[in-house]
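Single-structure report; data block below.
The values are calculated or read from the model by the stated rules, or taken from the named source; none is laboratory data. Worth saying up front: this structure is predicted, and the values here are computed from it rather than measured. Neighbour counts run over all protein chains shown; Cβ positions are idealised from the backbone, glycine included.
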């Protein structure tokens, strides 16, 4: 595992330096991990299968500059890009259904809501609002819920203490739960 992490970090350094061959070698090295992240994203019934999501991510990342500092940063970028792919697809489907009669539902682990699944676009809107209130809390939600990192891994990725992650996670979860419940209540009215 440590050997794989070092290999991936080395490839990312070469990619940042402009090595096209390294960018080509990177995706086979990270494919299994990306597929696991994709499975976490689509477990709530998303419109893409995990492999399809990874392939769409691949197309996006190969056509854009990739400036990941290290392996953890790369996976965070990948998870956020996957979220954006799914949100874009959900928005497109809603607009095609005239006003969003069919909303994409996903589960959001770790966030207590009245329903077992929530609207993906509502989650994205809520995370955008949270980002404006507290960028760190938004990152913690993304890392914990979307990437599935532990508290320890989240603290390491953000360069903060585990105690800080616990406190911010508790606040973010409560805020997000209220925001999603209010969004759902607004849809029912």
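Select from region 1-26 the residues that are modelled with pLDDT under 90, exposed (fewer than 14 other Cβ atoms within 10 Å of the Cβ) and assigned to a helix (DSSP H, G or I) and list them in ascending order.
2, 3, 4, 5, 6, 20, 24
Being touching a residue at least 12 places away in the same chain (Cβ under 8 Å) and closer than 21 Å to residue 70 by Cβ is true for just one of 162, 179, 168, 142. Which residue is that?
When all the criteria are applied, what remains is 142.
Which residue pairs have Cβ atoms under 8 Å apart, sit 6 or more places apart or on different chains, and have a first residue in region 122-139 that is in a loop (DSSP other than H, G, I, E, B) and a second that is at pLDDT 90 or above?
Listed pairs, sorted by first residue: 134/168; 134/171; 134/172.
When only residues in region 35-94 that are in contact (Cβ under 8 Å) with a residue 60 or more places away in the chain and not in a helix (DSSP H, G or I) count, which is surrounded by the most Cβ atoms within 10 Å (Cβ to Cβ)?
Of everything passing the filter in region 35-94, 46 is surrounded by the most Cβ atoms within 10 Å (Cβ to Cβ).
If you go through region 153-172, how many residues are in contact with a helix residue (DSSP H, G or I) (Cβ under 8 Å, 6 or more places away or on another chain) and either modelled with pLDDT of 90 or more or not in a helix (DSSP H, G or I) (or both)?
10
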